[in-house]
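See structure below.
Any read-out appearing in this document is the output of simple, stated calculations on the displayed coordinates, not a laboratory observation. Computed from a prediction, not measured in an experiment: that's the story for all the values here. Ideal geometry is used to build each Cβ from the backbone, glycine not excepted, and the neighbour counts take in all protein chains shown.
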Amino acid sequence: MAQSARTDIGFQGGQVLSLRTADEAYKKLMEALADDGSARWHALELDDEVMQLDLSQVVYIRRET
């Protein structure tokens, strides 16, 4: 079973999205953010939905340890 943890995603303008992400989904998100910027949108897969994130608007990621 995959581990999950609370993850906060901060956006330009001050909005914060708080959710629980599995380790693999978090890893893919961090890889997409570290990419050279060629992809603007990222499909974040959660347990019961897929969320499309505009990576150009993400300011920070905070994940509980």
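Give me the dipole magnitude in Debye, nearest 20, for region 26-65 about the Cα centre, with unit charges on the beta carbon: positive for Lys and Arg, negative for Asp and Glu.
Roughly 200 debye, rounded to the nearest 20.
Using the Kirkwood formula over every pair of different C-alpha atoms, what hydrodynamic radius in Å results for the chain?
12.1 Å
If one takes the longest principal axis of the Cα atoms in the chain, at what angle in degrees, from 0 to 90 and to the nearest 10, does the Cα axis of helix 23-34 lie?
Its long axis makes an angle of about 10 degrees.
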